[in-house]
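Asker: Before anything else, here's the structure in question.
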Amino acid sequence: MIIFGQISEHLRLGPTNSRACPACRQEQPFSLLLEYDYAHLYYLFGFVTRRRFRVACDRCGNVWKASEKEIAEARPLARGAVPFLHRWGCLVFIVLVIAAVATAIALGL
């Protein structure tokens, strides 16, 4: 049986400027979030299919799309934030398959 699918995850990258929250109607601290979707094979071998930057109110948790300035601020923080197998797991799987086939050919199987 082959197990595959797509999962959405979010990572808190750090705090950003305080601002008026439309939901709380008060000045609140906000956090930068990276939301990403990734496809996977057996929950281990994956690749990122989409990334989105958001800002979230630290008090109420409501989330909004990040501005261009916030996205520029978040990009350096996002480097390496996504776990390795979520980003490059599919490539690892391909390399393992090629290694297994090469070993089988070398052994004459």
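Taken together, the values in this text are just the output of simple stated rules run on the coordinates, not laboratory data. Since the structure is predicted, the reported quantities are computational estimates derived from the model, not experimental observations. Note that we place each Cβ from the backbone using ideal geometry, even for glycine, and neighbour counts take in every protein chain shown.
Asker: Would you mind counting up the charge near residue 40? Only other residues with Cβ under 13 Å from its Cβ, with Lys and Arg at +1 and Asp and Glu at -1.
Answerer: For residues surrounding residue 40, the net value is -1.
Asker: Continuing with this model, one more query. Let me check I've understood the local charge: for residue 65, count other residues with C-beta under 11 angstrom from its C-beta, Lys and Arg +1, Asp and Glu -1. What total comes out?
Answerer: Taking every Cβ under 11 Å from that of residue 65, the sum is -1.
Asker: The list (1) 1.21; (2) 1.47; (3) 1.15 gives values of Rg/Rh (Cα atoms, Kirkwood Rh), and only one came from this structure; which label was calculated from it?
Answerer: (1)
Asker: While we're on this one: Highest first, please rank the peptides 35-48, 14-27 by the mean number of other Cβ atoms sitting within 10 Å of their residues.
Answerer: 35-48, 14-27
Asker: Test of understanding: in a Gaussian network model of the chain with alpha carbons linked when under 10 Å, which of 85, 11, 96 would top the mean-square fluctuation ranking?
Answerer: For the chain, modelled as a Gaussian network with Cα springs under 10 Å, the answer is 96.
Asker: Place +1 on the Cβ of every Lys and Arg and -1 on the Cβ of every Asp and Glu in the chain, take the dipole about the Cα centre, and give the residue among 20, 2, 34 whose Cα lies farthest towards its positive end.
Answerer: Selected residue: 20.
Asker: Using Cα-Cα distances under 8 Å and only pairs 6 or more residues apart, what relative contact order does the chain have, in percent?
Answerer: That works out to 24 percent.
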